[in-house]
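Trainee: Before we start, here is the structure in question, set down as structure tokens.
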Amino acid sequence: MSVRERDANQRDEDFARQASALAREARRAGNHPFGAVLVLDGAAVLTAANTVTTGRDPTAHAETNLVADAIRRALVTRARAPRPARLPDSVP
């Protein structure tokens, strides 16, 4: 195994441990033990845990919570982005 492969495996294991920690937190909160980690370019950018029981939402699995958070963040970022100036329609 190359150094690069070993480093990649180590990072994957670190992310799996992070998801496991989220699962334990979910269990302590009264939910099923599941966690999710979104990784981009080798870094964890978002995390989420299962909240089906405490949120009384049968769709609130860790991965769906993570996707919902990513969408919310994208919408907020888009809403805050500067808008280009628009000329009135009467200007050629």
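Trainee: Using a simple charge model, +1 on the beta-carbon of Lys and Arg, -1 on the beta-carbon of Asp and Glu, nothing else, what dipole does the chain show about its Cα centre, in debye to the nearest 20?
Mentor: 360
Trainee: Right, here's the next one. Measure nothing fancy, just the Cα-based angle from helix 3-28's long axis to the longest principal axis of the chain, in degrees from 0 to 90, nearest 10.
Mentor: Around 90 degrees separate the two axes.
Trainee: Still on this structure, please answer the following. I need Ser20, Ser2 ordered by Cβ neighbour count within 10 Å, fewest first.
Mentor: Ser2, Ser20
Trainee: Right, next: Under the Karplus relation 6.51 cos²θ - 1.76 cosθ + 1.60, θ = phi - 60°, what is the ordered set of whole-Hz ³J(HN,Hα) values for region 40-48, x standing for Gly and Pro?
Mentor: Residue by residue, region 40-48 yields 9, 6, x, 10, 6, 9, 8, 9, 7 Hz.
Trainee: Determine, for His32, His61, the number of other Cβ atoms within 10 Å of each Cβ, and report the residues in order from fewest to most.
Mentor: Fewest-to-most ranking of His32, His61: His32, His61.
Trainee: Rounded, prolate or oblate, given the Cα gyration tensor of the chain, with a/c below 1.5 counting as rounded?
Mentor: Judged from the Cα gyration tensor, the chain comes out oblate (a/c at least 1.5, b/c at or above a/b).
Trainee: Students often check this: by mean Cβ neighbours within 10 Å, which of 65-74, 22-31, 38-47 ranks highest, and how do the rest follow?
Mentor: For the peptides 65-74, 22-31, 38-47, the packing ranking is 22-31, 65-74, 38-47.
Trainee: Here is a follow-up. Amide H to amide H under 5 Å from Leu46: which residues, 5+ apart in sequence or cross-chain, H placed 1.01 Å off N in plane?
Mentor: Placed amide hydrogens put Leu38 under 5 Å from Leu46.
Trainee: Something else: Just name one of Val39, Thr54, Thr64: the one whose Cα is farthest towards the positive end of the charge dipole of the chain (beta-carbon charges, Lys/Arg +1, Asp/Glu -1).
Mentor: Farthest along the dipole direction, towards plus: Thr54.
Trainee: Here's something else I'd like to know. Rounded to the nearest 500 deg cm²/dmol, what is the calculated helix-only ellipticity per residue at 222 nm for the chain, with -39500 (n - 2.57) per DSSP H run of length n ≥ 4?
Mentor: Dividing the helical sum by the residues of the chain leaves -17000 deg cm²/dmol.
Coordinate-derived values only; no laboratory data. Being a predicted model, the structure only gives us computed values, none of them experimental. Here the Cβ is made from the backbone with ideal geometry for all residues, glycine too, and neighbour counts use every protein chain on show.
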